[in-house]
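Enquirer: Here it is, the structure, as structure tokens.
The values are calculated or read from the model by the stated rules, or taken from the named source; none is laboratory data. In this text the structure is predicted, and so the values were computed from the model without any measurement. Because the Cβ atoms are built from the backbone with ideal geometry, glycine has one as well, and the counts that use them run over all protein chains shown.
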Amino acid sequence: MKLIFYGGAKTVTGANYLLDHGDLKILVDCGLNQGSKYSEDMNYEKFAYNPAEIDFVFITHSHTDHVGRLPKLFKEGFRGRVIASRPTADLAKKALPDNLNIITEEAKRGGREPIFELKDLEGVLGLAEGFDYETPIDLGNGTRAVLHDAGHILGSTIVEIDFDDKKIYFTGDLGNPPTPLLQPPYFPKDADYAVVESAYGSRIHEDRSSRKIMLENVIRETLTKGGTLMIPSFAMERTQELLYELNQLVNHNQIPRVPIYVDSPLATNLTEVYKKYPNYFNKTAHHVIESGDDIFNFPGLTFTRTSDESKAINNVKGAKIIIAGSGMSTGGRILHHEMRYLSDPNSAILFVGYQVLGSLGRRILDGEKNVRIFGEQVSVNCQIRAIGGYSAHADQAMLLKWIAGAGSGGNLKKVFMVQGEEDSSATLAEKTRTDLKIDAVVPSLGESFEL
């Protein structure tokens, strides 16, 4: 079996890994490259392998940087099977059409053809199959797969591939427990190889137990000034977690009663999918739901679907909270709110997710005082806050714990660090070698390894 890294190597986005077992070819993830213009230009390049030869594509979860190039794969000839958890298959059907709109607009601005069209999107979604966790999937050629809970977002998976009496695990994005909604990640004990994300490979998160207190403090501080709290949020998981905690803060009168807007049609649609899969939630969330509390609905909350409803938010005077995508301010309705409120010293912007290098969100977080939005210069005078405890990614300590568990059977030969900025991946690899005495490497784009 040969493992080749066609994405996600020394970069956070664009996950794309090929397992070549002769007559059997398996892809794990097929994500968009995001962040800098250089990264996004890579999406227009042809795949470095023949998509028509791919038998299976496993999707670890439905975030764009893991699923966004699937329709392009179909466009270039792929007609195999797409394997995912049941929630991931449903979420992808909601998220990918939104990606098509963004990609089409970007291509038009750049004078290019879109990287895929509606027919490609519909074609690849027709190949998708949803499976339950812990269900063996026969791939032929003496190879099988099992999907395990990654605890990152609803339906996220750790993909286990068993071949020639060996096992390789792909973490996808590993969760950051405990979370308000999800179960903790699965911990294998019998890995021969592991492909491990490293977005926070050099960092330790704040204590998660204090994050709701930090959220309450940011809200009170901003609303007391009569300002607007902007929260750029990923439509999937982060928005639902925020709603869960805002529900508790509102119901217990811990924050002032002000209008709260989820200004994202995609987040609204995805929240409906979340309601469909309560059996994937943890025991605490189950208990709250069974007590009769609608965790995604509370006084003052408004979901805005149409552009007119979104624009009407500007007419609401006084303090308010706006949750909108995209999570890294690379597009979406959050940009319109940032144009309006970034210059207001009484307002605040709160980052609750990873901000990739080169993104507008990262530039604001890093302290740039002037940013360009829709071709206009906007002064950044508002308060800037970040709560790392909301990250859905495991930090260094959690990643090392997962790797140690995977190697506890004594068979772990090599760990490949992916989906992180190069210094983050390198730091985690070094810690793995020195602290755990397990061989670890940071692969380069296009590099291959014989397993």
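Enquirer: Checking PHE74 against (1) crowded, with 24+ Cβ neighbours inside 10 Å; (2) under 21 Å from the mean Cα position of the chain (by Cα): exactly one of these is not met. Which one?
Expert: Of (1) crowded, with 24+ Cβ neighbours inside 10 Å; (2) under 21 Å from the mean Cα position of the chain (by Cα), only one is false for PHE74: (2).
Enquirer: Any residue that is surrounded by fewer than 19 Cβ atoms within 10 Å (Cβ to Cβ) and among the aliphatic types (A, V, I, L, M) - is there at least one of those in the range 9-29?
Expert: Checked against the condition, which is being surrounded by fewer than 19 Cβ atoms within 10 Å (Cβ to Cβ) and among the aliphatic types (A, V, I, L, M), the range 9-29 yields at least one hit.
Enquirer: Does the range 405-422 contain at least one residue that is touching a helix residue (DSSP H, G or I) at 6+ places or on another chain (Cβ under 7 Å), in a loop (DSSP other than H, G, I, E, B), among the β-branched types (Val, Ile, Thr) and assigned by TED's automatic domain parsing to the domain that holds PRO178?
Expert: no
Enquirer: Now, a different point. What's the number of the condition ILE349 fails, among (1) touching a strand residue (DSSP E or B) at 6+ places or on another chain (Cβ under 8 Å); (2) over 23 Å from LEU32 (Cβ atoms); (3) not in a strand (DSSP E or B); (4) not small (Gly, Ala, Ser)?
Expert: Just one mismatch for ILE349, condition (3).
Enquirer: Can you tell me which residue is modelled with the lowest pLDDT among those in the range 14-45 that are in a loop (DSSP other than H, G, I, E, B) and more than 21 Å from PRO443 (Cβ to Cβ)?
Expert: Taking the range 14-45 first, the residues in a loop (DSSP other than H, G, I, E, B) are 14-15, 22-23, 29-36, 45.
Checking which are more than 21 Å from PRO443 (Cβ to Cβ) leaves us with 22-23.
Values: GLY22: 91, ASP23: 94.
The selected residue is GLY22.
Enquirer: Which of the numbered conditions does CYS382 fail, given that it passes all the others? Conditions: (1) surrounded by 20 or more Cβ atoms within 10 Å (Cβ to Cβ); (2) within 24 Å of SER156 (Cα to Cα).
Expert: (2)
Enquirer: Do the conditions hold for ILE103, that is, is it touching a Phe, Trp or Tyr at 6+ places or on another chain (Cβ under 9 Å) and not in a helix (DSSP H, G or I)? So that I can check it myself, show each step before the final result.
Expert: Details: touching a Phe, Trp or Tyr at 6+ places or on another chain (Cβ under 9 Å): yes; not in a helix (DSSP H, G or I): no.
No: the conditions fail for ILE103.
Enquirer: Could you tell me how many of the residues in the range 161-192 are among the aromatic types (Phe, Trp, Tyr) and at pLDDT below 95? Working first, answer last.
Expert: Kept after step one, since they are among the aromatic types (Phe, Trp, Tyr), are these residues of the range 161-192: 163, 169-170, 186-187.
Now restrict to residues that are at pLDDT below 95: none.
Selection size over the range 161-192: 0.
Enquirer: Scanning for something at pLDDT 95 or above and in a helix (DSSP H, G or I), does the range 52-59 turn up at least one residue?
Expert: Scanning the range 52-59, I find at least one residue that is at pLDDT 95 or above and in a helix (DSSP H, G or I), so the answer is yes.
Every residue, every condition in (1) crowded, with 20+ Cβ neighbours inside 10 Å; (2) more than 21 Å from the chain's Cα centre (by Cα); (3) of a type in the set (Gly, Ala, Ser); (4) farther than 30 Å from GLN396 by Cα, yes or no:
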site: HIS205; (1), (2), (3), (4): no, no, no, no
site: SER210; (1), (2), (3), (4): no, yes, yes, no
site: MET230; (1), (2), (3), (4): yes, no, no, no
site: GLN240; (1), (2), (3), (4): yes, no, no, no
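Enquirer: Here are GLU122, GLU113, GLU105: which of them is at pLDDT 95 or above and not β-branched (Val, Ile, Thr)? Talk me through it step by step, then tell me what you get.
Expert: On the way: GLU113 fails: at pLDDT 95 or above; GLU105 fails: at pLDDT 95 or above.
That would be GLU122, the only listed residue that is at pLDDT 95 or above and not β-branched (Val, Ile, Thr).
Enquirer: Can you find a residue that is assigned to a strand (DSSP E or B) and either in contact (Cβ under 8 Å) with a residue 12 or more places away in the chain or more than 30 Å from ASP439 (Cβ to Cβ) (or both) anywhere in the range 200-223? Talk me through it step by step, then tell me what you get.
Expert: As a first pass, look at the range 200-223 and keep what is assigned to a strand (DSSP E or B): 200.
Subset that is either in contact (Cβ under 8 Å) with a residue 12 or more places away in the chain or more than 30 Å from ASP439 (Cβ to Cβ) (or both): 200.
Yes, the range 200-223 contains at least one residue that is assigned to a strand (DSSP E or B) and either in contact (Cβ under 8 Å) with a residue 12 or more places away in the chain or more than 30 Å from ASP439 (Cβ to Cβ) (or both).
Each row is one residue, and each column tells you yes or no for (1) touching a residue at least 40 places away in the same chain (Cβ under 8 Å); (2) β-branched (Val, Ile, Thr).
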{"residue": "LEU32", "(1), (2)": "yes, no"}
{"residue": "TYR49", "(1), (2)": "yes, no"}
{"residue": "ARG79", "(1), (2)": "yes, no"}
{"residue": "THR88", "(1), (2)": "yes, yes"}
{"residue": "LYS93", "(1), (2)": "no, no"}
{"residue": "LEU118", "(1), (2)": "no, no"}
{"residue": "LEU127", "(1), (2)": "yes, no"}
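Enquirer: Hey, could you check the range 1-13 for residues that are at pLDDT 95 or above and among the aliphatic types (A, V, I, L, M) and say which is farthest from GLY35 (Cα to Cα)?
Expert: MET1
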